[in-house]
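> One structure follows; several queries about it will come next.
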Amino acid sequence: MTQRIAVVGGGTGGTVASNRLAEELAAEIDAGDVEVTLVSDDTKHVYKPVFLYVPFGLAEPEDGVRDLRELVDDRVNIVTNRVRRVDTDEKRLYCQDGDEVIEYDKLVLATGAKLDPDAVPGFKQAAHHFYSARGAEELREALADFEGGRLVLSVVGTPHMCPAAPLEFTLIVDDWLRDQGIRADTELVYTYPIDRSHGKPEVAEWADPLLAERDVRVETEFVVDAIDPDDRVITAKNGEELAYDFLVGIPPHRGDEMIIESGLGDNGWVDVDQRTLQASADPDVYAIGDTASLPIPKAGSAAHFQAFTVAERLASQVRDRTPTKKYDGKTVCFVETGLDEASFVSFDYETPATMRRPSKTIHWAKHAYNESYWLTARGML
């Protein structure tokens, strides 16, 4: 009997997992003993870190887009549809369009995180952001007209995708404003909702003196409650108010509603074993990337490493072997510190984050990686 593996989500985690499964199980797929199906609600694959550069005229949204079929191994079946519910008892995926039903034996969920700007009153009307193609383009247009005043970068929602991006934007816009000749006319303010400037304490310790050196005012424990777009005021839950002339916000994020509907996670994130990545609700279900509830940031590199782990574990299970591969929490990330320098951070469950000294070399290494990302998506790096 053919063993059916379904992967839901065509982002980094789902694409890499599908390609790694196709490679690990090539002989079994060719023999008809295994079938791998990738279900995505979009025919395109989007590399979202490109959006950070769009507001500064350094990239276009389409630079981060490829056809999914071009990136996925031919051994993988691709279904373009949205999964609305998982029935883990019957092992079926119920899709939104055409009442399509997909049966599976093993399931990998890589549904990612969704933007939820409506979660904070006034956010959609007041705040610019760079977490979508349209948002990044609109921010570019607005920045082009900015002539000075108080520019606030406010991390409104956590957890969020690309955990270093708020710091990156703040440090890049500092350089950009200097190039525009209006930095002296601009007050830069950075807000974060906990008692430090970043979720990782080692990153916060590294960032604080850098922000101070750039004359960036930092407001921690600033939990945004509402934004008044008419008076241009942000109100925190403790009643504190912060006026702005130009607001860039990190939107609130949420998990996929399908996760809640399927009983796999009350808040839209799937509870998993942090080493095996198997769902607490069902050992035949794995969750990776932003979908998984893990004690690490929601970074693309984490999804990549998790996809390798899951593919190897599933290959072992297909062959009736005990899986031994486990995820160690490995995460790596480039961190832009301006227009022409960057740092690099790496950590895992056991090793604290280590920041590298910013340099032009690391900056260009990040850009080289952005160009070679498509090899990563194919599971080749």
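> Using θ = phi - 60° and the Karplus curve 6.51 cos²θ - 1.76 cosθ + 1.60, what whole-Hz ³J(HN,Hα) does each residue of region 176-184 get, with Gly and Pro shown as x?
So the J values, rounded to whole Hz, are 4, 5, 5, 4, 7, x, 10, 5, 5.
> How big is the charge dipole of region 9-106 about its Cα centre, in debye rounded to the nearest 20, if each Lys and Arg gets +1 on its Cβ and each Asp and Glu gets -1 on its Cβ?
440 debye
> Taking amide hydrogens as modeled 1.01 Å from N in the peptide plane, which residues meet the under 5 Å criterion relative to residue 250, leaving out close sequence neighbours?
Amide H neighbours of residue 250: 154, 155, 156, 157.
> Any idea which of 61, 11, 83 is furthest toward the positive side of the dipole for region 1-93, if Lys and Arg beta-carbons carry +1 and Asp and Glu beta-carbons -1?
It is 83, whose Cα lies furthest towards the positive end.
> Taking the chain as the reference, fit the longest principal axis to its C-alpha atoms, fit the long axis of helix 133-144 to the helix C-alpha atoms, and give the angle between the two in degrees, 0 to 90, nearest 10.
Tilt of helix 133-144: around 10 degrees.
> What fraction of the DSSP beta bridges in region 118-245 is antiparallel, stated in percent and rounded to the nearest 5?
40 percent
> Can you compute 3J(HN,Hα) from phi for each residue in region 304-317, using the Karplus curve 6.51 cos²θ - 1.76 cosθ + 1.60 with θ = phi - 60°, rounded to whole Hz and x for Gly and Pro?
Here the 3J(HN,Hα) series is 4, 5, 5, 4, 4, 4, 5, 4, 5, 5, 5, 4, 5, 5 Hz.
> How far, in nm, would the chain grow between residue 231 and residue 137 when pulled straight, counting 0.36 nm per residue and subtracting the alpha carbon separation?
31.4 nm
> If you don't mind, there's one more thing I want to ask. From the P(r) of the chain, can you give the percent of Cα pairs sitting at distances over 38 Å?
Of all Cα-Cα pairs in the chain, 20 percent lie more than 38 Å apart.
> Based on a Kirkwood Rh over C-alpha pairs, give the Stokes-Einstein translational diffusion coefficient of region 59-154 at 4 °C and viscosity 1.567 mPa s in µm²/s.
Estimated via Stokes-Einstein, D reaches 74 µm²/s.
> Under a cut-off of 27 Å between alpha-carbon atoms, report the lysines in cross-link reach of residue 237, not counting same-chain residues fewer than 8 places apart.
114, 124, 200, 298
> Sticking with this structure for a sec: How much accessible area per residue does region 118-245 have, in Å², with a 1.4 Å probe?
I get 45 Å² per residue for this part.
> How many times 2.2 N^0.38 Å is the alpha carbon radius of gyration of region 118-245?
That works out to 1.01 for region 118-245.
> Here's another thing I want to ask about it. For the ranges 60-67, 32-39, what's the packing order if you count other beta-carbon atoms within 10 Å of each residue, average per peptide, and put the highest first?
The densest-packed peptide leads the list: 32-39, 60-67.
> Next question. What part of the accessible area of the chain, given as a whole %, is carbon or sulfur when the probe is 1.4 angstrom?
C and S fraction of accessible area: 44 percent.
> Which of 106/325; 106/326; 48/106 have a Cα-Cα distance over 25 Å?
Long pairs (Cα-Cα over 25 Å): 48/106.
> Counting only residues 5 or more places away or on other chains, whose amide H sits under 5 Å from the amide H of residue 100 once H atoms are built in the peptide plane?
Result for residue 100 returns 95.
> List the relative contact order of region 118-245 as a percent without decimals, with contacts defined as Cα pairs under 8 Å and 6+ residues apart.
Computed value for region 118-245: 28 percent relative contact order.
> Pull out the extension gain between residue 350 and residue 100, defined as 0.36 nm times the separation in residues minus the alpha carbon to alpha carbon distance; nm, one decimal.
85.7 nm
> Would you kindly work out the equivalent ellipsoid of region 235-352 from its C-alpha gyration tensor and give its semi-axes, the square roots of five times the eigenvalues, largest first in whole Å?
Its equivalent ellipsoid spans semi-axes of 33, 21, 11 Å.
The values are calculated or read from the model by the stated rules, or taken from the named source; none is laboratory data. Given the structure is predicted, the values throughout are model-derived calculations rather than measurements. Methodologically, a virtual Cβ is constructed for each residue, glycine included, from the backbone with ideal geometry; neighbour enumeration extends over all protein chains shown. With ligands, DNA and RNA removed, areas are computed over all heavy atoms of the protein, side chains included. Shrake-Rupley method; radii C 1.70, N 1.55, O 1.52, S 1.80 Å.
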